[in-house]
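**Student:** Submitted below is the structure of interest, expressed as structure tokens.
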Amino acid sequence: MIVLGLTGSIGMGKSTTAKMFAEAGVPVHDSDETVHRLYAGKAVPLVEAAFPGTTTAGSVDRTLLAGYVLGDAAALKKLESIVHPLVRAEADAFLARNAAAGAPIAVLDIPLLYETGGRDRVDKVVVVTAPAEIQRARVLARPGMTEEKLASILAKQVPDAEKRKLADFVIDTGKGLDAARAAVKAIIAELTGDKAGSASG
């Protein structure tokens with residue numbers, strides 16, 4: 001089974017692209033969605049122990065948690081040391097399930113793939129990109145987003161140009177949904193073509 005890492009900076013259209021892989025029949029593991037689930041389950045007691053008062057009604061309150069970790073590198077590191085291993089364990093279980101089921105490809109949607117050393121966990125990387133002005137417009141349209149917040153998020157991410165250089169495949173979502181969908185299909189065809197002889201066994 002080929003493990004495909006899907007990544008891209010904020011506002012590049014990664015979630016939309018992940019859906020396109022799923023629609024094409026490729027199993028997708030979404031790290032963000034996994035964090036949401038963990039914040040309503042396994043991670044709750046661990047986060048509460050590390051950051052008292054950040055959970056309510058049996059789940060992590062992201063707003064309260066943000067108050068602790070925003071602008072505090074040590075607190076953020078502490079949070080990551082709780083969450084990242086849990087997400088990774090879920091991803092490993094997902095890969096094991098799909099490998100056992102004979103899937104030729106599985107996608108790990110990892111927003112900070114390069115930033116968190118995730119490259120060694122995947123066989124190939126797809127980087128989702130878009131022109132900077134489209135990215136800004138998309139992100140600033142989000143509720144509660146400001147120029148300052150965007151600048152601070154981008155400062156923590158590997159620059160888009162660098163990600164594109166490191167990628168095995170690049171999908172430009174600035175060209176519209178149809179072009180992105182065609183790119184997804186072309187990547188699947190290329191990877192399954194390579195695997196044609198071994199996909200079934």
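The values are calculated or read from the model by the stated rules, or taken from the named source; none is laboratory data. These figures come from a predicted structure and were not determined experimentally. Ideal geometry is used to build each Cβ from the backbone, glycine not excepted, and the neighbour counts take in all protein chains shown. Note: areas computed on protein heavy atoms with side chains; ligands, DNA, RNA excluded. Shrake-Rupley method; radii C 1.70, N 1.55, O 1.52, S 1.80 Å.
**Student:** Based on what the data block shows, is R142 surrounded by fewer than 18 Cβ atoms within 10 Å (Cβ to Cβ), among the basic types (K, R) and within 22 Å of G174 (Cα to Cα)?
**Tutor:** yes
**Student:** Can you go through A66, A101, A73 and tell me which one is out of contact with any helix residue (DSSP H, G or I) (no Cβ under 7 Å at 6 or more places or on another chain), open to solvent by 60 Å² or more (accessible area, probe 1.4 Å) and more than 27 Å from L4 (Cβ to Cβ)?
**Tutor:** A73
**Student:** Which residues, counting only those in the stretch 132-158, are part of a loop (DSSP other than H, G, I, E, B) and either within 19 Å of the chain's Cα centre (by Cα) or farther than 22 Å from A66 by Cα (or both)?
**Tutor:** Within the stretch 132-158, R142, Q157, V158 qualify.
**Student:** Another question, if that's okay. Working only within the stretch 40-60, note down all residues that are open to solvent by 20 Å² or more (accessible area, probe 1.4 Å) and part of a loop (DSSP other than H, G, I, E, B).
**Tutor:** A40, G41, K42, P52, G53, A57, G58 - these are the residues of the stretch 40-60 that are open to solvent by 20 Å² or more (accessible area, probe 1.4 Å) and part of a loop (DSSP other than H, G, I, E, B).
**Student:** Here is a further query. Please specify each residue of the stretch 21-38 satisfying the condition of being touching a helix residue (DSSP H, G or I) at 6+ places or on another chain (Cβ under 7 Å) and open to solvent by 20 Å² or more (accessible area, probe 1.4 Å).
**Tutor:** A24, P27, V28, D30, V35
**Student:** Still on this structure, I have one more. Could you grab me the full set of residues in the stretch 148-162 that are among the acidic types (D, E) and more than 13 Å from G11 (Cβ to Cβ)?
**Tutor:** Within the stretch 148-162, E148, E162 meet the criteria.
**Student:** If we scan the stretch 148-168, do we find a residue that is open to solvent by 50 Å² or more (accessible area, probe 1.4 Å), small (G, A, S) and touching a residue at least 24 places away in the same chain (Cβ under 8 Å)?
**Tutor:** no
**Student:** Can you pull out the residues in the stretch 159-190 that are outside any helix (DSSP H, G or I), over 16 Å from V122 (Cβ atoms) and of a type in the set (D, E)?
**Tutor:** Passing the criteria: only D172.
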